[in-house]
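Visitor: For reference, the structure I am asking about is given below.
None of the figures in this text is laboratory data; all of them are computed from the coordinates on show. No experiment lies behind these values; they were computed from the predicted model shown. A quick note on method: Cβ atoms are made from the backbone with ideal geometry, for glycine too, and the neighbour counts reach across all protein chains shown.
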Amino acid sequence: MILIYVENITPRIKYIFDLVFIDILKTSYSITDIKNLFINSQGIKFNYSKAKFNDELFVYATDLLFQTYIEKQEIEVTDWNGLKIFFQTNTESDLPFDIFAASFYLVTRYEEYLSFVTDEHKRFKASDSLAFIHNFLKEPIVNKWVEKFSELLITKYPELHLPKRTPRFIPTIDVDNAFYFKNKGLVRTIGSSIKSFFNLKKNIDRFKVIFGLKKDPFDNFNLLKKIHLNFNPVYFFLIGKKSSHDKNISIKNKKYRKLISSFANENSVGIHPSYSSFDNFNILKKEVSVLSKIINKPIIRSRNHFLRLKFPETYQSLIDLNIKEDYTMGYSSQIGFRAGICTPFIFYDLTKEEITNLKVFPFALMDVTFIRSLKLTPEQALFEIKKIIAEIKNVNGTFISLWHNETFSNINEYKGWQFTYLEMIRFFENY
């Protein structure tokens, strides 16, 4: 048990200490604001306050975790032992920065509560993030800081034994478009045929699929089951009404409903809230209800279509619908660690100063990011993927990937990406 002294126990402090010690280091701790109790303790301890007492381990506490409001923070990013740091501390501190305030700032997405210019989909831009600007987006920087801090603790207290942690892999698949040609309905099929009138091969393939002479290229679901036999993937199904950004099969289609139901019997399934649901709670509520009826289970997992995420409204809506896990935390335009961490964490609502019961599962990379935003070849992407996996495994974190079923089709822009995915899994298992 690690004893920690603080001058004032706040919800922010309780939250970040739970994250660092329980979720990341897998150890226990207790907090006290009683000075004499701390000073007289002979056990493993450290002081997180404004002043050092004796020769105890001391981390200078900046103001952030004692505040109850949101304001723009003065941040200067510097280098320390090969890592970027901010919220620098005084010379008495055994760390040159306030690791707890800095971690809190990144993990809560504090900067996304401030005013900013959104992209065309009303999203916070990766290029505006502190991590991207200062070139640490591709590092699970919070986990790295915690590793350094644990080394400091063990140096001071060699009797401290931290549990061994093992990396894990959570594959996630978004089903934006279950089928390329089939089960689209007569009107959509005719319309698509007219649009591709001059693409003879595509129309021939379309009708071969419709008449059962050829497999639909997006119907990779048996392959996905085979690939993930040794893992526990999570599948997110888009079931919203068709719109310019929501183009999946109609949820009224019996074969699509059967597909979803069959996956729910063998795998973890979540809602993929439609583009249209982002600003409309009633649409989101209806989609969750429809999916729940299809799989005959409560819906506890979610990832927003187009990765649309607004703080705190998106997560507040999920909480209101009893969603327990969200997998939206990541960027569409860049790979890396949006929250600076590769460990699932609890959402802290800064507007309510409240520790919620919603768990956030941050993903590190997405197929479409490589293909459309970064415009990398499958080989170039694999090189970047390996670097990300190495970063995660070096801190015994959780690697979460985001792929789409159509990426396994090996047609058009997806040629070669199935191989990349398989190599990604091999590398994770063998690194």
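Visitor: How much net charge surrounds LEU137 when only the other residues with a Cβ under 15 Å from the Cβ of LEU137 are counted, with Lys and Arg +1 and Asp and Glu -1?
Guide: Surrounding charge for LEU137 is +1.
Visitor: Tell me, what ³J(HN,Hα) does each residue in region 400-416 have, in order and in whole Hz, if you take phi through Karplus 6.51 cos²θ - 1.76 cosθ + 1.60 with θ = phi - 60° and put x for Gly and Pro?
Guide: Once rounded to whole Hz, the list reads 10, 9, 10, 10, 10, 4, 5, 5, 8, 6, 6, 10, 6, 6, 9, 4, x.
Visitor: Rounded to whole Hz and in sequence order, give me ³J(HN,Hα) for region 162-169 from the Karplus expression 6.51 cos²θ - 1.76 cosθ + 1.60, θ = phi - 60°, writing x for Gly and Pro.
Guide: 8, x, 6, 10, 10, x, 9, 10
Visitor: Now for a different question. What is the set of long-range amide H partners of SER268 at a cut-off below 5 Å, with H atoms built 1.01 Å from backbone N?
Guide: Amide H to amide H, under 5 Å and 5 or more residues apart or across chains, SER268 pairs with TYR235.
Visitor: Once you list every other residue whose beta carbon is under 15 Å from the beta carbon of LEU229, what net charge do they have if Lys and Arg are +1 and Asp and Glu are -1? The partial results should precede the final answer.
Guide: Values: positive: LYS225, LYS226, ARG426; negative: GLU266, GLU429.
Result for the neighbourhood of LEU229: +1.
Visitor: Given H placed 1.01 Å from N in the peptide plane, which residues other than close sequence neighbours of THR377 have an amide H under 5 Å from its amide H?
Guide: Those lying under 5 Å, H to H, from THR377: there are none.
Visitor: Out of all DSSP beta bridges in region 2-156, what portion is antiparallel? Express it as a percent rounded to 5.
Guide: Numbers: 4 of 15 bridges.
Percent antiparallel among DSSP bridges in region 2-156 is about 25.
Visitor: What pairs in LYS72/LYS386; LYS72/LYS324; LYS255/LYS386; LYS26/LYS324; LYS247/LYS324; LYS72/LYS375 have C-alpha atoms more than 32 Å from each other?
Guide: Numbers: LYS72/LYS386 35 Å; LYS72/LYS324 30 Å; LYS255/LYS386 37 Å; LYS26/LYS324 21 Å; LYS247/LYS324 26 Å; LYS72/LYS375 34 Å.
The answer is LYS72/LYS386; LYS255/LYS386; LYS72/LYS375.
Visitor: Could I ask something else about it? Scan region 1-96 for trypsin sites (Lys or Arg not before Pro) in coil per DSSP, keeping those whose Cβ has at most 16 other Cβ atoms within 10 Å, and list them by number.
Guide: When the trypsin sites (Lys or Arg not before Pro) of region 1-96 are filtered for loop state and at most 16 Cβ neighbours within 10 Å, LYS26, LYS50, LYS52, LYS72 remain.
Visitor: Run the numbers on region 2-156 and let me know its relative contact order in percent, using alpha-carbon pairs under 8 Å that are six or more apart.
Guide: 20
Visitor: Now for a different question. Run lengths n ≥ 4 of DSSP H only: what is the helix-derived mean residue ellipticity at 222 nm for the chain, with -39500 (n - 2.57) per run over all residues, to the nearest 500?
Guide: Values: 13 runs with 137 residues, N = 431.
Only helices count here, giving -9500 deg cm²/dmol.
Visitor: Can you sort HIS272, HIS305, HIS161, HIS228 from fewest to most other Cβ atoms within 10 Å of each residue's own Cβ?
Guide: Exposure proxy ranking, most exposed first: HIS161, HIS228, HIS305, HIS272.
Visitor: Within 10 Å of each candidate Cβ there may be at most 16 other Cβ atoms; applying that plus a DSSP loop requirement, which GluC sites (Glu not before Pro) in region 83-141 survive?
Guide: When the GluC sites (Glu not before Pro) of region 83-141 are filtered for loop state and at most 16 Cβ neighbours within 10 Å, GLU92, GLU120 remain.
Visitor: Quick one: 3J(HN,Hα) in Hz for region 227-243, Karplus 6.51/-1.76/1.60 with θ = phi - 60°, rounded, Gly and Pro as x.
Guide: Coupling constants for region 227-243: 4, 9, 4, 9, 10, 10, x, 10, 10, 10, 9, 7, 10, x, 5, 4, 8 Hz.
Visitor: So, one more: Starting from the amide H of VAL360, placed 1.01 Å from N in the peptide plane, find each other amide H under 5 Å away whose residue is 5 or more places distant or on another chain.
Guide: So VAL360 has HN proximity to ASP326, PHE345, ILE346, PHE347.
Visitor: Can I ask one more? Where in region 251-348 are there trypsin sites (Lys or Arg not before Pro) that are in a DSSP coil and have at most 12 other Cβ atoms within 10 angstrom of their Cβ? Working shown, then result.
Guide: On the way: sites: LYS252, LYS254, LYS255, ARG257, LYS258, LYS285, LYS286, LYS293, ARG301, ARG303, ARG308, LYS310, LYS324, ARG338; in loops: LYS252, ARG303, ARG308, LYS310, LYS324, ARG338.
Counting only loop positions with at most 12 other Cβ atoms within 10 Å, the trypsin sites (Lys or Arg not before Pro) in region 251-348 are LYS252.
Visitor: OK, next. Taking K and R as +1 and D and E as -1, what net charge do the other residues with C-beta under 10 Å from the C-beta of HIS404 add up to?
Guide: Taking every Cβ under 10 Å from that of HIS404, the sum is -4.
Visitor: Okay, moving on. Helix by helix through the chain, keep the DSSP H runs that span 18 Å or more along the axis on Cα and average at least 0.5 on Kyte-Doolittle, and give those back in order.
Guide: 281-295
Visitor: Determine the relative contact order of the chain: mean sequence separation of Cα pairs under 8 Å and six or more apart, normalised by residue count, in whole percent.
Guide: Once divided by the residue count of the chain, the mean separation gives 16 percent.
Visitor: Please compute the contact order of region 288-431 in relative form: average sequence separation of alpha-carbon pairs under 8 Å and at least six residues apart, divided by the residue count, as a percent.
Guide: After rounding, I find 18 percent.
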